[in-house]
Amino acid sequence: MERKEKKIAIHVSHLKKSFKQLEVLKDISLDVKEGEVVVVIGPSGSGKSTLLRCLNQLEEASGGEIVIDGTDITDKKTDINKVREKVGMVFQHFNLFNNMNVLRNLMLAPVDLKIMDRETARKEALKMLERVGLSDKAEAYPHQLSGGQKQRVAIARALCMRPDIMLFDEPTSALDPEMVGEVLEVMKHLAHVGMTMVVVTHEMGFAREVGDRVLFMDGGLILEEGTPEEIFGNPQNPRTKDFLNKVL
Amino acid sequence: MTRIINTYGQLLVTAMGQTLLLALYGLFFACIIGMIVGIMSVVSSKVCRFIAAVFVNLIRGVPMIVLAYFIFFGVPYFWNTILGIGGLTLTALQAGSICLALNCGAYMAEIIRAGIESVDVGQMEAARSLGLPWWRSMYRVVMPQAIRTMIPSIINQFIITLKDTSILSVIGFPELVNTAKNVVAATFMSFQTWAIVGLMYLIVILLLQRAAKVLEGRLKYGA
Ligand SMILES: Nc1ncnc2c1ncn2[C@@H]1O[C@H](COP(=O)(O)OP(=O)(O)O)[C@@H](O)[C@H]1O
Ligand SMILES: [Mg+2]
């Protein structure tokens with residue numbers, strides 16, 4: 001690989017995804033550079049989640065190519081589990097492992113995949129919990145946490161794998177309004193320390209503040225992309241204007 | 001009543017032991033069969049799911065008494081006489097255990113399938129997104145949660161299987177019902193004998209239910 005190409009963390013070209021007859025992603029091409037924060041906005045059902053889930057192959061692409069850190073993940077020969085170790089995902093509904101306390105949620109993957117021994121994983125987990133401000137919740141079970149706390153644990157869990165890329169699928173949409181801030185704070189911090197991030201969100205303030213680039217999706221296509229200033233200040237596509245008028 | 005207990009009590013308790021032994025063998029293999037077939041019915045492979053569905057529907061569609069005769073008499077006959085290979089004899093305990101294992105296994109498979117499906121798919125997705133393979137995700141995340149919801153149904157199935165051992169009196173296994181028949185034949189005290197036998201089943205099953213409640217309580221997370 002050329003030095004120049006190494007700078008591209010995610011390369012998507014002509015990605016297509018259908019569920020049976022329903023064509024959800026029509027022709028998506030996208031490059032995300034290392035350390036870049038890309039925010040994806042768009043109406044419900046436009047394919048934002050599907051795009052994100054294709055990036056770690058929770059959904060198998062129907063066509064096109066996805067290259068993550070130089071590895072073509074649409075290639076059948078690729079060990080997708082190895083790629084996923086380096087691509088963290090945060091879900092709208094947290095998806096903490098209900099049968100484990102917080103500490104074990106964080107330690108499961110590093111220990112089970114033999115990436116760290118138990119002691120190292122424990123230390124790493126406690127460090128990450130501290131980073132998201134939940135050191136006192138190590139022994140708590142998911143059902144004992146608030147939504148905001150759950151989501152911060154979920155972020156910490158992903159970080160324990162020391163990922164190169166983080167994917168966020170509406171991480172604050174299921175939260176009570178007063179808890180949105182604490183999760184966004186953690187994400188902002190991540191962005192500032194140089195994490196490569198793709199974030200699907202309706203938090204336009206977050207998009208403006210930390211997004212390097214904003215994509216507007218509708219009907220399975222990226223209709224417009226640009227800096228936050230361009231998209232929010234001077235949207236070109238009428239669909240984008242229409243959408244922003246509704247949400248802002 | 002006291003005459004039955006004094007003279008045949010020992011015999012009936014031994015027979016209850018045989019019943020429990022049979023049930024235990026049956027349940028042990030039923031758990032293995034149930035686990036395998038249950039998991040086969042949730043994997044992505046269509047072939048696996050088809051085989052699992054055929055097995056479950058086949059077993060559910062055949063009365064256990066027919067299955068018992070088929071395994072005890074039919075299978076050795078097929079092997080020894082029709083195929084002419086010879087040498088296969090099944091004891092009543094072996095045939096009975098196989099019969100219970102298949103029968104209970106099919107129902108266990110359904111319980112396990114439903115249990116797995118009751119766990120939010122997000123749990124599996126989160127585990128997979130961290131790089132855990134499907135099996136590890138199943139084993140560490142989905143199964144522990146599924147089993148918790150399955151416990152009441154599994155205990156219920158255990159109880160049904162324990163009672164179903166009585167059907168195996170037809171192949172001559174000296175379990176409780178078979179033994180009781182002999183006691184009645186010798187004493188003509190059918191009222192007393194069957195009352196005692198009924199009571200014995202009842203006590204064992206109540207104890208089992210009690211144990212299940214304790215187990216259920218223990219399995220609560222972070223309680
Ligand atoms: N597993 C699936 N099976 C069938 N249709 C799906 C599935 N997942 C998503 N879809 C459909 O794909 C479209 C896009 O969904 P999604 O990517 O979740 O949109 P968004 O996240 O932008 O709201 C929707 O019409 C949705 O119903
Ligand atoms: Mg979505």
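Entry remark, segment A:52-87: residues being within 11 Å of another protein chain (Cβ to nearest Cβ) and at positive phi number 1 in total. Residue count for segment A:43-85, restricted to those that are open to solvent by 20 Å² or more (accessible area, probe 1.4 Å), in a strand (DSSP E or B) and of a type outside the set (Gly, Ala, Ser): 4.
Just one of the listed residues (A:ALA138, A:ALA154, A:ALA174) is within 13 Å of chain B (Cβ to nearest Cβ) and touching a strand residue (DSSP E or B) at 6+ places or on another chain (Cβ under 7 Å), and it is A:ALA154. Only a single item in (1) surrounded by 22 or more Cβ atoms within 10 Å (Cβ to Cβ); (2) more than 9 Å from ligand 1 (Cβ to nearest atom); (3) β-branched (Val, Ile, Thr); (4) more than 14 Å from every other protein chain (Cβ to nearest Cβ) is not met by A:VAL90, and it is number (4). Output the residues belonging to segment A:98-135 that are in contact (Cβ under 8 Å) with a residue 40 or more places away in the chain, more than 12 Å from chain B (Cβ to nearest Cβ) and either crowded, with 18+ Cβ neighbours inside 10 Å or more than 24 Å from the chain's Cα centre (by Cα) (or both). Within segment A:98-135, just A:VAL132 meets the criteria.
Look through A:SER49, A:SER62 and report the one residue that is within 14 Å of ligand 1 (Cβ to nearest atom) and either touching a Lys or Arg at 6+ places or on another chain (Cβ under 6 Å) or without any contact (Cβ under 8 Å) to a residue 12 or more places away in the chain (or both). None of the others qualify; the one that does is A:SER62. With respect to (1) open to solvent by 10 Å² or more (accessible area, probe 1.4 Å); (2) away from ligand 1 (no atom under 16 Å from the Cβ), the lone exception for A:GLU203 is condition (2).
Does segment B:135-152 include one or more residues that are over 18 Å from the mean Cα position of the chain (by Cα), over 30 Å from B:ARG210 (Cα atoms) and not aromatic (Phe, Trp, Tyr)? The answer is yes; a qualifying residue exists.
May I ask you to say which residue of B:ILE151, B:ILE155, B:ILE65, B:ILE112 is within 14 Å of chain A (Cβ to nearest Cβ) and in contact (Cβ under 8 Å) with a residue 40 or more places away in the chain? Steps first, answer last, please.
On the way: B:ILE155 fails: within 14 Å of chain A (Cβ to nearest Cβ); B:ILE65 fails: within 14 Å of chain A (Cβ to nearest Cβ); B:ILE112 fails: within 14 Å of chain A (Cβ to nearest Cβ).
Going through B:ILE151, B:ILE155, B:ILE65, B:ILE112 in turn, the sole match is B:ILE151.
Picking from residues in segment B:209-223 that are within 13 Å of chain A (Cβ to nearest Cβ) and open to solvent by less than 100 Å² (accessible area, probe 1.4 Å), the one that is modelled with the highest pLDDT is B:LEU219.
The values are calculated or read from the model by the stated rules, or taken from the named source; none is laboratory data. Please read all numbers here as calculations on a predicted model, not as lab measurements. Here Cβ is always computed from backbone atoms with ideal geometry, including for glycine, and neighbour counts include all displayed protein chains. Calculation scope for accessible area: heavy atoms of the full protein, side chains included, ligands and nucleic acids excluded. Shrake-Rupley method; radii C 1.70, N 1.55, O 1.52, S 1.80 Å.
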